[in-house]
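The values are calculated or read from the model by the stated rules, or taken from the named source; none is laboratory data. All values derive from a computational prediction rather than experimental measurement. Cβ: placed from backbone, ideal geometry, glycine included. Neighbour counts: every protein chain shown.
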Amino acid sequence: MTPLTEVVLATRNEGKRAELEALLALTLGTDGGDAAVRVRSAAELGLPDVVEDGVTFEENALLKARSAARITGLPAMADDSGLAVEVLGGAPGIFSARWSGTHGDDAANNALLLAQLADVPDAHRGAAFVCAAAYVHPDGTEIVCHGRFRGRLLRAPRGENGFGYDPLFLPDGEERTAAELAPEEKNRISHRALAFRALADRLRTSGAADGR
């Protein structure tokens, strides 16, 4: 396998893209300048949207990474993630980004979730952000790792950072929501951080990152 010098990041979500680029900088040595691994985005390369019709985070992450690797001939990374609320049996789950019916409408998604949990006492508002991070190489190599970011849901949003359900999510052991954390703080403890760090470790261990 040739050394990993360029990788496609299969996402069009700018908030997620910024997070993932920062995570890759920490885990694989990319820095956006003289990077060890150059990161290309799906938008930059004009890649078509992928129908995410998998029933798990892992399936959807692999669908996106496989498509990007097949079209570009480059190694590709993708993730699929969402919020799993205990009292809702793990929902919104893979439907997190379109829970209110409109994909990516964070305000509407948060408002609907708050309404659904209005009568749920604080003791039962446990939740976790869940992420599956996938790496696909054109030679057929596939690696998937997972991360889980545990906490509970508040009754009103707080904070201006992040995206999605971050303003409602209070991580375990924190007094600030995910949206009140600085990006570099969140990138150390989030579900995506855990999943992509595990993925980078697997790439290094397998030799995929340096071509062994």
Failed condition for residue 116, given (1) at pLDDT below 95; (2) over 17 Å from residue 196 (Cβ atoms); (3) among the polar types (S, T, N, Q): (1)
Residue 81 being of a type in the set (Ser, Thr, Tyr), under 15 Å from residue 132 (Cβ atoms) and in contact with a Gly (Cβ under 7 Å, 6 or more places away or on another chain): no
Pick from the range 137-159, criterion farther than 15 Å from residue 57 by Cα and among the hydrophobic types (A, V, I, L, M, F, W, C), ranking: nearest to the chain's Cα centre (by Cα): 153
Any chance residue 163 is within 17 Å of the chain's Cα centre (by Cα), under 27 Å from residue 196 (Cα atoms), hydrophobic (A, V, I, L, M, F, W, C) and in a strand (DSSP E or B): no
Every residue from the range 180-208 that is of a type outside the set (Gly, Ala, Ser) and not in a helix (DSSP H, G or I): 180, 181
Residues satisfying the stated conditions in the range 70-96, i.e. part of a helix (DSSP H, G or I) and of a type in the set (A, V, I, L, M): 71, 87, 88, 94
Lone qualifier among 148, 155 - being in contact (Cβ under 8 Å) with a residue 12 or more places away in the chain, farther than 25 Å from residue 12 by Cα and not in a helix (DSSP H, G or I): 155
Residue list for the range 144-164, restricted to those being more than 19 Å from residue 133 (Cβ to Cβ), touching a Ser or Thr at 6+ places or on another chain (Cβ under 9 Å) and surrounded by 19 or more Cβ atoms within 10 Å (Cβ to Cβ): 151
Residue that is surrounded by the most Cβ atoms within 10 Å (Cβ to Cβ), among those in the range 92-120 that are more than 13 Å from residue 82 (Cα to Cα) and among the β-branched types (Val, Ile, Thr): 120
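Within the range 166-179, restricting attention to residues that are part of a loop (DSSP other than H, G, I, E, B) and touching a helix residue (DSSP H, G or I) at 6+ places or on another chain (Cβ under 7 Å), which residue is surrounded by the most Cβ atoms within 10 Å (Cβ to Cβ)?
Initially, the range 166-179 is screened for residues part of a loop (DSSP other than H, G, I, E, B), giving 172-179.
Still in the list and also touching a helix residue (DSSP H, G or I) at 6+ places or on another chain (Cβ under 7 Å): 177-179.
Details: 177: 22, 178: 27, 179: 19.
Among them, the one singled out is 178.
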Any hit, the range 193-207, residues being of a type in the set (Ser, Thr, Tyr) and either within 21 Å of residue 95 (Cα to Cα) or buried (at least 18 other Cβ atoms within 10 Å of the Cβ) (or both): no
Selection status of residue 108, over 30 Å from residue 202 (Cα atoms), small (Gly, Ala, Ser) and in contact (Cβ under 8 Å) with a residue 24 or more places away in the chain: no
The range 44-65 residues that are on the phi < 0 side of the Ramachandran plot, paired with ones that are assigned to a loop (DSSP other than H, G, I, E, B) (beta carbon under 6 Å, 6 or more apart): 60/52; 60/54; 63/50; 63/54; 64/10; 64/50; 65/10
